[in-house]
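*Asks:* The structure is given below, and queries will be raised subsequently.
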Amino acid sequence: MSPIPRSHPRYHSLLVRAYLAEEMGRGIVAPEGLIAHGRGEAFDYLLGEGSTPFALKAERAAAARLLLSEHPVLSVNGNVAALASREVAQLAAALPGLRVEVNLFHRTPQRAERIAEKLRRAGVIDVLGVHPTARLRGLPSDRGWVDENGILAADTVLVPLEDGDRAQALARTGKFVITIDLNPLSRTTRAASLPIIDELTRALPEIRRQALALRKRPGSWTQIVQGADPDALRGSAYEFIAERLRQMARGTA
Ligand code: PTJ
């Protein structure tokens, strides 16, 4: 591959793309993961490539909900491992109750093990999901393979970069589903109990930052979660994008 010139206006984006392509070569990212990334980038353009006020509100509520949960689990797929293994490890370290589980749509035992190894190298102490022990009801794809002590038993599941089927299946079982997805129109975002409409590597450190701050104020957690209405969060994203496009059409953005 030819080197990416630092002066390129999309230098960071090109670096991430090249890295994801390498991670595909190493068997971490599925080929389809590159397409998913491109879709995310398109929505990030529309969102202004920064965390919006409604994303920050959702991230704070996610931190509060994770602190309140008895059995929270963070689900990791190939894209998440490639982009944010270190951030996953740092979040798990800040929230000792949070378990980390590999859950894949394009599942092979080798891929699951490679992803788990990447997470371990980044500092995740206990990685579930390499040898799944249970099936999630109503989910015929390989995403239905879960750990009985992980996602199956969870009261809260944090699912970044999902495909909508599992978010819906998890919600149907009564679990509190926190999603991180740049696409405010996706089935994932629409099925979420708490949708975070933001980029993964911005969202995870912010959840961690908020969790560390909120740990000192346990009395506020329930109210913070209740204050983050999922329909209002989705509505804010639609309004935000519509307003940006209106401003662009007027030439004032
Ligand atoms: O590793 P596997 O086998 O489990 O497969 C993972 C992929 C991502 C291929 C699989 O989950 C998939 O097909 O996902 P989708 O249905 O393409 O959905 C991915 C969603 O993530 C899309 O709505 C994107 O907008 C969004 N997205 C992509 N990159 C990011 C993102 N959201 C937040 N941060 C990102 N960096």
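The values are calculated or read from the model by the stated rules, or taken from the named source; none is laboratory data. Please read these numbers as outputs of a predicted model, since none were measured by experiment. Backbone-built Cβ (ideal geometry, glycine too); neighbour counts: all protein chains shown.
*Asks:* Pick from 81, 42, 112, 93: which is without any contact (Cβ under 8 Å) to a residue 60 or more places away in the chain, touching a helix residue (DSSP H, G or I) at 6+ places or on another chain (Cβ under 9 Å) and within 14 Å of the ligand (Cβ to nearest atom)? I'd like the intermediate steps shown before the answer.
*Replies:* Details: 42 fails: touching a helix residue (DSSP H, G or I) at 6+ places or on another chain (Cβ under 9 Å); 112 fails: touching a helix residue (DSSP H, G or I) at 6+ places or on another chain (Cβ under 9 Å); 93 fails: within 14 Å of the ligand (Cβ to nearest atom).
Selected residue: 81, the only one of 81, 42, 112, 93 that is without any contact (Cβ under 8 Å) to a residue 60 or more places away in the chain, touching a helix residue (DSSP H, G or I) at 6+ places or on another chain (Cβ under 9 Å) and within 14 Å of the ligand (Cβ to nearest atom).
Yes or no, residue by residue, for (1) modelled with pLDDT under 95; (2) crowded, with 17+ Cβ neighbours inside 10 Å; (3) in contact with a helix residue (DSSP H, G or I) (Cβ under 8 Å, 6 or more places away or on another chain); (4) of a type in the set (Asp, Glu):
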{"position": "11", "(1), (2), (3), (4)": "yes, no, no, no"}
{"position": "24", "(1), (2), (3), (4)": "no, yes, yes, no"}
{"position": "35", "(1), (2), (3), (4)": "no, no, no, no"}
{"position": "38", "(1), (2), (3), (4)": "no, no, no, no"}
{"position": "51", "(1), (2), (3), (4)": "no, yes, yes, no"}
{"position": "54", "(1), (2), (3), (4)": "no, yes, yes, no"}
{"position": "59", "(1), (2), (3), (4)": "no, yes, yes, yes"}
{"position": "64", "(1), (2), (3), (4)": "no, yes, yes, no"}
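*Asks:* Restricting to the stretch 129-140, name every residue that is under 17 Å from residue 101 (Cα atoms) and small (Gly, Ala, Ser).
*Replies:* Residues satisfying the conditions are 129, 134.
*Asks:* Consider residue 222 against the criteria (1) surrounded by 18 or more Cβ atoms within 10 Å (Cβ to Cβ); (2) β-branched (Val, Ile, Thr); (3) away from the ligand (no atom under 16 Å from the Cβ): it satisfies all of them except one. Which criterion is unmet?
*Replies:* (1)
*Asks:* Another one. Restricting to the stretch 148-164, and then to whatever is closer than 12 Å to residue 103 by Cβ and charged (D, E, K, R), can you tell me which residue is modelled with the highest pLDDT?
*Replies:* Within the stretch 148-164, the subset closer than 12 Å to residue 103 by Cβ is 150-152, 154, 157-163.
Retained after the next criterion (residues that are charged (D, E, K, R)): 162-163.
Values: 162: 81, 163: 75.
Here the answer is 162.
*Asks:* Of all residues being basic (Lys, Arg) and under 19 Å from the mean Cα position of the chain (by Cα) in the stretch 137-171, which is surrounded by the most Cβ atoms within 10 Å (Cβ to Cβ)? Just the residue, please. Don't jump to the end; show me each part of the working.
*Replies:* Residues of the stretch 137-171 basic (Lys, Arg): 137, 143, 166.
Next, only the ones that are under 19 Å from the mean Cα position of the chain (by Cα) stay: 143, 166.
Values: 143: 23, 166: 26.
Of everything passing the filter in the stretch 137-171, 166 is surrounded by the most Cβ atoms within 10 Å (Cβ to Cβ).
*Asks:* Tell me, which residue of the stretch 119-136 that is among the hydrophobic types (A, V, I, L, M, F, W, C) and in a loop (DSSP other than H, G, I, E, B) is surrounded by the most Cβ atoms within 10 Å (Cβ to Cβ)? Break it down stepwise before answering.
*Replies:* Here is the first cut: in the stretch 119-136, the ones among the hydrophobic types (A, V, I, L, M, F, W, C) are 119, 122, 124-125, 127-128, 130, 134, 136.
Next cut, in a loop (DSSP other than H, G, I, E, B) only: 124-125, 130, 136.
Values: 124: 26, 125: 11, 130: 15, 136: 22.
The extreme case among them is 124.
*Asks:* So, of the residues in the stretch 164-190 that are hydrophobic (A, V, I, L, M, F, W, C), near the ligand (Cβ under 9 Å from one of its atoms) and outside any strand (DSSP E or B), which turns out to be nearest to residue 234 (Cα to Cα)?
*Replies:* The initial filter retains those residues of the stretch 164-190 that are hydrophobic (A, V, I, L, M, F, W, C), namely 167, 169-171, 176-178, 180, 182, 185.
From what's left, near the ligand (Cβ under 9 Å from one of its atoms): 180, 182, 185.
Adding the requirement that they be outside any strand (DSSP E or B) leaves 182, 185.
Details: 182: 11, 185: 8 Å.
If we take residues in the stretch 164-190 being hydrophobic (A, V, I, L, M, F, W, C), near the ligand (Cβ under 9 Å from one of its atoms) and outside any strand (DSSP E or B), then 185 is nearest to residue 234 (Cα to Cα).
*Asks:* Another question, if that's okay. Which numbered condition trips up residue 152, out of (1) more than 13 Å from the ligand (Cβ to nearest atom); (2) assigned to a loop (DSSP other than H, G, I, E, B)?
*Replies:* With (1) more than 13 Å from the ligand (Cβ to nearest atom); (2) assigned to a loop (DSSP other than H, G, I, E, B) applied to residue 152, the lone miss is (2).
*Asks:* Let me ask something else about it. Just one of the numbered conditions (1) in contact (Cβ under 8 Å) with a residue 60 or more places away in the chain; (2) surrounded by 20 or more Cβ atoms within 10 Å (Cβ to Cβ); (3) touching a strand residue (DSSP E or B) at 6+ places or on another chain (Cβ under 9 Å) is not true of residue 70; which one?
*Replies:* For residue 70, the exception is condition (2).
*Asks:* Check 184, 218, 205 and return the single one that is touching a Pro at 6+ places or on another chain (Cβ under 8 Å) and in contact (Cβ under 8 Å) with a residue 24 or more places away in the chain.
*Replies:* Working: 218 fails: touching a Pro at 6+ places or on another chain (Cβ under 8 Å); 205 fails: touching a Pro at 6+ places or on another chain (Cβ under 8 Å).
Every option except 184 fails the conditions.
*Asks:* Looking at the stretch 134-159, I want the residues that are in contact (Cβ under 8 Å) with a residue 24 or more places away in the chain and have a partner that is among the polar types (S, T, N, Q) and more than 13 Å from the ligand (Cβ to nearest atom) with Cβ atoms under 6 Å, at least 6 apart or on another chain. Which pairs are those?
*Replies:* 147/133; 155/69; 156/69
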